[in-house]
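Where a number appears in this text, it was derived from the coordinates with a stated rule and is not lab data. These figures come from a predicted structure and were not determined experimentally. Cβ placement follows ideal geometry from the backbone for every residue including glycine, while neighbour counts extend to all protein chains displayed.
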C-alpha cells in the first residue's frame with residue numbers, strides 16, 4: 001500500500017514544482033559597478049518600476065552585476081540560462097558586455113534585450129542576432145541627426161575620437177556613412193580607453209587637423225574626458241556627443257566644460273519641451289511620474305526610460321507568447337522571440353517601435369531629437 005501513496009506524493013510534488021516553474025523568469029546583467037555604472041544604475045532603478053505580473057503570470061526578476069566586465073557578463077548570462085532557466089535575458093548596458101550576452105543567447109536560444117546602443121548588436125541580421133532585440137536607438141538613426149545638424153550649421157570638416165571598444169567602432173562606422181551622405185570630410189580618427197585619465201596626445205592630433213567639429217563616440221562619464229581636454233586646449237569648434245552620455249552623471253563630471261555640446265537623445269530626455277502632439281508624450285509622462293515618485297524629483301533620465309520601454313515591450317509580447325507555450329520551456333522562449341519580432345506600433349517613452357524580421361530595434365525619426373547642454377540642462381534644439 002505504501003507504493004501508491006509514495007507515487008501519489010511524488011506526483012503531487014512534481015505538480016507543485018511545475019506550478020512553481022510557471023513563473024516567467026527574466027535574468028538581468030548590468031554594469032552597476034565599474035566605469036559604466038553611471039549608465040547601469042539608472043537602468044536598474046528603471047527595472048524596479050516594471051510589472052511583477054503580466055497576463056496573470058508572476059514575473060521573477062533576477063538581477064546580477066557584471067562590473068563593466070564582458071567576461072563577467074558572459075558568466076552571468078550562462079548562470080542565468082543554465083541554473084535559473086530564464087525565459088529572457090536583459091542586458092547588459094554597454095556594447096562589449098552585450099556582445100558577450102549575445103553569444104549565450106544564441107547558443108541557448110533565449111531571447112535577449114540589451115540596454116545598449118550599438119547597431120552591431122542587431123545588424124546585420126543573422127542566426128545569432130535573430131535572438132537579440134534592442135530598446136535604445138541605433139547609431140545609424142542618431143548619426144544622421146548629428147551630421148544633418150553639422151551640415152545645417154556650416155561644418156565642412158570633422159574629427160572623430162571614440163572609445164576603443166565595440167561602441168566606439170560602431171559609431172566610427174556610422175559616422176563615416178552619415179558624413180558621406182551630407183558631404184562632410186572626416187579628417188582624423190582617434191581612440192581612447194574607458195579607464196584612461198589622459199588624452200593629451202589624441203587631443204593635440206585633433207587640434208592639428210583643425211576640424212570644424214569633433215564627434216566623441218563614447219558612453220557614460222568616460223566621454224567627458226576628451227571633451228574637457230579639447231576645451232582646455234582651446235578648441236573653438238562644435239563638439240558633438242552621442243546619446244550614450246544622456247544622464248546627469250555626465251553633466252556632473254563634465255560640468256561647465258561640456259556646456260554647448262550637441263547630441264541626439266530620445267524625446268523623453270526633454271519631455272517638458274516637446275510639442276503637445278508628440279506621439280511619445282503620454283508614455284514619457286507616465287515614466288517620469290513613476291520614476292520620480294520612487295527615486296525623487298528631477299531623477300528621471302533616458303536610461304531609466306529604456307527600462308520603462310522594455311516593460312512596455314513585455315506587456316505587448318508576453319500575452320502573445322503565452323498563447324503558444326508555458327514559461328520555463330524552450331517553446332515559450334521561441335514564442336517570446338517571435339512575439340517580440342512581431343510588435344507593431346508599440347508606443348514608448350523613447351519612440352514608436354515597429355519591429356520586423358530584419359529590424360530588431362524598430363525606431364524611426366520619432367525616436368530622436370537634437371539637444372544642446374545649456375546651464376547644466378538638456379535644451380531642445382529647434
Peptides 300-307, 38-45: what's the order by average Cβ count within 10 Å, highest mean first? 300-307, 38-45
Is the C-alpha gyration tensor of the range 256-300 telling us rounded, prolate or oblate? Criteria: a/c under 1.5 is rounded; beyond that, a/b larger than b/c is prolate, otherwise oblate. oblate
Using per-residue counts of other Cβ atoms within 10 Å, averaged over each peptide, order 287-293, 340-346, 218-224 from highest down. 218-224, 287-293, 340-346
Based on DSSP H runs of at least 4 residues, each adding -39500 (n - 2.57), what is the mean residue ellipticity at 222 nm of the chain after dividing by all its residues, to the nearest 500 deg cm²/dmol? -13500 deg cm²/dmol
Suppose R0 equals 25 Å; then what is the FRET efficiency for residue 286 and residue 60 from their Cβ-Cβ distance, rounded to the nearest 0.05? 0.55
Pairing the Cα long axis of helix 70-82 with the longest principal axis of the chain, what angle in degrees results, from 0 to 90 and rounded to the nearest 10? 20 degrees
Assign one of three labels to the range 95-203, namely rounded, prolate or oblate, based on the Cα gyration tensor with a ≥ b ≥ c the square roots of its eigenvalues; rounded applies when a/c is under 1.5, prolate when it is not and a/b is larger than b/c, and oblate otherwise. oblate
Percent antiparallel among DSSP beta bridges with both residues in the chain, to the nearest 5? 30 percent
For the range 139-265, what percent of Cα pairs sit more than 20 Å apart? 34 percent
First measure r as the distance between the Cβ atoms of residue 276 and residue 248, then evaluate 1/(1 + (r/R0)^6) with R0 = 22 Å and state the FRET efficiency to the nearest 0.05. 0.25
Förster-model FRET efficiency, 30 Å R0, residue 325 and residue 75, C-beta, rounded to 0.05: 0.60
By per-residue mean of other Cβ atoms within 10 Å, what is the highest-first order of 264-275, 249-260, 143-154? 264-275, 143-154, 249-260
Quick check: residue separation of residue 382 and residue 187 times 0.36 nm, minus the Cα distance between them. What number comes out in nm? 67.4 nm
Shape call for the chain, from the Cα gyration tensor axes a ≥ b ≥ c (a/c under 1.5 means rounded, otherwise prolate when a/b beats b/c, else oblate), comes out prolate
Using a 7 Å offset from the Cα along the Cα-to-Cβ direction at both residue 256 and residue 197, what is the distance between the two label points in nm, to one decimal? 2.4 nm
How big is the gap, in Å, between the Cα center of the range 332-346 and the Cα center of the range 253-275? 32 Å
